[in-house]
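Everything below concerns the one structure shown next.
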Amino acid sequence: MLVEGAERPLISVLRRGKSVSDTLRIMPNEPTMSDAEANRLRANRLIAFSYVRVSSSPQDYDGHVEGQIVEIATWAKLLHVVADRFYADRAVSLWQRGSRHRDGAQVALRQLQQDIVRERDGRAIIVGVDVSRFARNRDKGREFFEWVMEHGFTVYTLDEVFTPDELSASNWFDRCVEAEEEIIRNSASADRQHREREAVFAQTGRPSWGFASTGITRHIREAHGQLVERLYSEFFKGATLTQLAQTLADSGLWHARDDSPARRKKKVKQLLQEPNFAGLQKFPRVGGVRRLGPTTYPGVVSYQDFFLMQQLVPHRVLGSRRQRFYMLGRVNCEQCRKPLVPADINYLRQDGQHEKFVKHAYVCPEGGCHPPRVYDADLMHLTLKMRLQEHEYRSGDKGFYTRWMNASRTEQRSMLRDNFHFNFIATQDGVEWPSRLRNPA
């Protein structure tokens, strides 16, 4: 990595209010770099005091702390930042249900503050995955950043830089407000879902398709359970959703007022994505993750088959939520070469058997690979940035990567369309140029 102005301390080169990757230009490794040159560059490396936090014991057990450490280490490796000091608060919530008052004590964060002040190294920075790790409400966020400004430190997240000035303080406060509003919305949604679920179990009412109820006791109807087992079996043997839709129609167990092939395919996907048939029930989301726990009745398919099916038939992302997938329409599957579509795959078990999947993904469309291939969206977005930096270096279009990073999601997609008259190719390691896959040498 070559850094413009490497003779000066690296912190003075970073532009205010921009991400680190906006101001650092990643270049191919120089195999002929001398020890003297390497030592000169090492002397200017930033030293990260990294902070990670999870709110609950299940998140700690799932390895979310270690996941944040991996994300920070990947970021530091990309930017040649020294990252060997990590401070972790495990199962420390910054939100008290039904109140805006702060809750847990961040012992590790306090230790980080003491250590970084005591050492007073001009290259020291504070790093976290995002603002919500440091503060989950506006009061705690304001308190922390006042300390940052008092001591003159710079705070980095994976996407932004906050320098000790009033502009960054305003941006930091905005992020804390966003985090607070998000958790209020999630809490309200969880409460509403809980009330609705209790209302259903409190009365007999109309049961869900395939289930019968007696008071609050539910069970799967025998014929419907056998049909779901058959749908799973045929899909794993290679049947398409269109073929499964015909199987559903031939069973005579499902009828719709406006029956059509599209409606039958949609119903098949709902049945394959329904955890109740695996003896699992949904719990309120925690941190955007769908959590599942056992029901009081047995399922007709195994846990393992259900979780495998969620990878093969994921929840497609619709509406405004598609905006975060800015490679939509610009990346093809390496196998079927069809444009990928965005999807969410984020079920987790509540017990000791923790199946873990990527939270956001690109998957093959219907008619593509069978079963569909699943690509980690976050990994693809990271490697796309590396491809764009290579493009800037090779084309001589200085500032292209910075302009792209500062653009909105819509503008980013337009820039990809206008500058690259081909689609990138998705691999399990990220995205690649089509020409590089055709000519590996």
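Per-structure values
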{"read-out": "Note, ³J(HN,Hα) from phi for region 84-89, Karplus 6.51, -1.76, 1.60, rounded to Hz, x at Gly and Pro", "value": "10, 10, 10, 10, 10, 9"}
{"read-out": "Theoretical gain in end-to-end length, Asp378 to Gln428 [0.36 nm per residue, Cα-Cα removed]", "value": "16.8 nm"}
{"read-out": "Extension reserve of the Glu119-Thr410 stretch, reckoned as 0.36 nm per residue once the Cα distance is removed", "value": "100.4 nm"}
{"read-out": "Spin-label model distance (nm) - Arg324 vs Asp84, 7 Å beyond Cα toward Cβ", "value": "3.4 nm"}
{"read-out": "Whole-Hz ³J(HN,Hα) from phi, Karplus 6.51 cos²θ - 1.76 cosθ + 1.60, for region 137-154, glycine and proline x", "value": "8, 5, 5, 5, x, 5, 4, 5, 6, 4, 5, 4, 5, 4, 9, x, 8, 10"}
{"read-out": "Where trypsin sites (Lys or Arg not before Pro) fall in DSSP loop in region 54-154, at most 13 other Cβ within 10 Å", "value": "Arg97, Arg100, Arg120"}
{"read-out": "Computed label-point distance, nm, for sites Glu234 and Leu308 using a 7 Å Cα→Cβ extension", "value": "1.9 nm"}
{"read-out": "Arg394-Val70 FRET efficiency (beta carbon distance; Förster radius 25 Å; 0.05 resolution)", "value": "0.25"}
{"read-out": "Point-to-point label distance, Ala91-Lys77, nm (Cα→Cβ direction, 7 Å offset)", "value": "3.1 nm"}
{"read-out": "Asp259/Cys336 FRET efficiency (R0 22 Å; Cβ-Cβ; nearest 0.05)", "value": "0.15"}
{"read-out": "Proxy reagent accessibility, fewest Cβ within 10 Å first, across Tyr51, Tyr362", "value": "Tyr51, Tyr362"}
{"read-out": "Amide H within-cut-off set for Ile425, under 5 Å, with H built and near neighbours excluded", "value": "Asn332, Glu432"}
{"read-out": "FRET efficiency, Asp250 to Arg403 (Cβ-Cβ, R0 56 Å, nearest 0.05)", "value": "0.50"}
{"read-out": "Given Lys237/Lys267; Lys338/Lys385; Lys77/Lys338; Lys237/Lys338; Lys77/Lys398; Lys140/Lys398, the pairs whose alpha carbons are separated by over 29 Å", "value": "Lys77/Lys338; Lys140/Lys398"}
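Quick note: the coordinates plus some simple rules give every number you see, no bench work behind them. Here the structure is a predicted model, which means the values were calculated and not measured. We place every Cβ from the backbone using ideal geometry, glycine too, and count neighbours over all the protein chains shown.
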